[in-house]
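Since the structure comes first, as structure tokens, the remarks are kept for the end.
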Amino acid sequence: MALNPHLPLVYHPNYSFSFDPNHRFVMSKFARLYHHVKGLGLVGDNLEQPPLGTPDDLSLIHCDNYVHDLWHNRLDAKAMRRIGLPWSHNLMARTFTAPLGTLKTARLALTHGVACHLAGGTHHAHYDFGSGYCMVNDLAFTAQTLINSGEVTNVLVFDLDVHQGDGTAALLQHQPYAFTCSIHCEKNFPFRKSPSDLDIGLANHISDDEYLGVVDDTLVHLLDILNPDLVLYDAGVDIWQQDGLGKLDVSWQGIAQRDRLVLKRCAQHNTPVATVIGGGYDKDHERLAARHAIVVEQAAQL
């Protein structure tokens, strides 16, 4: 099937920078993903770049003291251990820019029907602390911004990362116009979960057919009852059977089927969808980039 070279994509060169290649978090994956989709012929005048972000941008959903202490490297060692990444100026630049990338992706989706961010999905970041490689929460930030501005009436955050979206759930728990749904591996990080509006915890080693059935049934139901103006889709690829932190048994083909299914259901419902890449862990960094590209390829096909 032909790929549409006009699919809106969002990326900033500061998303990847020189970083320990042996760290569990693959910082190079964003640049590798960009080059991968460029190699597929999907990068041209359809590529958008977000502005550089600052702590002031993220004060909409995060504690002022937290984001400014993070920005200025004033968090204590325990707080940084909980995040799991070594502080640097480059890390701060990408951390505060990426949420503006997700926001830009959402706005493009509202115009074009679908758009893909080559980053995003930092769903473990809470109001006043970071966790699990996530420092600020792009999904909650985007949902809250669009609701506040009146650009949307209601948003569905559909989180299919293998890990439960605890930070997003906590940040949006009192926002009646945002609905959070997380379908994740139950016996996996975070071990203390914040309740989403709908949580579906899966057993370890669930495979393609059962997984896809749960995803399809859930999304069809939510689109029907919520009729959202926008879906923010966290297309985490750590559901893969060989992922370093996954615990599920979904195949590579199963990921492609999942992404195609989500995008197709949204299109059938005439609901704009903005995708973010979410989590994925692999010592083979090029293979990881190719996994993250699946959602972009599926969007370009549709």
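Read-outs throughout are calculated quantities, based only on the coordinates presented, and are distinct from any laboratory measurement. Not measured: the values here are computed from a predicted model. For neighbour counting, all protein chains shown are included, and Cβ atoms are generated from backbone atoms with ideal geometry for every residue, glycine included.
Looking at region 29-301 only, what percent of DSSP beta bridges run antiparallel? Nearest 5 please. Given both bridge residues lie in region 29-301, the antiparallel proportion sits at roughly 5 percent. When +1 charges are put on Lys and Arg Cβ atoms and -1 charges on Asp and Glu Cβ atoms, the dipole computed for region 29-301 relative to its Cα centre reaches about 620 debye. Of the options 132, 66, 30, report the single residue whose Cα projects farthest towards the positive end of the charge dipole of the chain (beta-carbon charges: Lys, Arg +1; Asp, Glu -1). Final value for the positive-end residue is 30. Applying both filters, DSSP loop and at most 16 other Cβ atoms within 10 Å, to the trypsin sites (Lys or Arg not before Pro) of region 20-123 gives 24, 74. Each residue of region 49-56 is assigned a 3J(HN,Hα), and the resulting list reads 10, x, x, 5, x, 9, x, 4 Hz, derived from the Karplus form 6.51 cos²θ - 1.76 cosθ + 1.60 (θ = phi - 60°), x at Gly and Pro. Summing charges over neighbours of residue 57, with a neighbour being any other residue whose Cβ is under 14 Å away from its Cβ, gives -1 when K and R count +1 and D and E count -1. Starting from a Cα-only point model with no solvent, please compute log10 I(q)/I(0) by Debye for region 221-286 at q = 0.19, 0.21, 0.24 1/Å. Each listed q corresponds, in turn, to -0.78, -0.88, -1.01. Near residue 5, once Lys and Arg are set to +1 and Asp and Glu to -1 for all other residues with Cβ below 11 Å from its Cβ, the sum equals 0. Annotation: the residues 63, 185, 134, sorted from fewest to most other C-beta atoms within 10 Å of their own C-beta, follow the order 63, 185, 134. The Cβ shell under 9 Å around residue 101 holds other residues with a net charge of -1, Lys and Arg each +1, Asp and Glu each -1. The separation of region 29-68 from region 183-237, counted between C-alpha centres, amounts to 24 Å. Only lysine pairs 8 or more places apart or on separate chains count here, and in region 181-302 those with Cα atoms under 23 Å apart total 4. Neighbour counting of Cβ atoms within 10 Å sorts the residues 71, 252, fewest neighbours leading, into 252, 71. Using θ = phi - 60° in the Karplus curve 6.51 cos²θ - 1.76 cosθ + 1.60, the 3J(HN,Hα) couplings for region 198-207 round to 9, 10, 10, x, 8, 6, 4, 6, 4, 10 Hz; x is entered for Gly and Pro. Among the DSSP helices (H) of the chain, those spanning at least 27 angstrom by Cα along their long axis with an average Kyte-Doolittle hydropathy of 0.0 or more are 89-112; this is a geometric and hydropathy rule only. Shown in residue order for region 155-168 are the 3J(HN,Hα) couplings computed by the Karplus curve 6.51 cos²θ - 1.76 cosθ + 1.60 at θ = phi - 60°: 10, 9, 8, 10, 9, 10, 4, 5, 9, 4, x, 5, x, 4 Hz (x for Gly and Pro).
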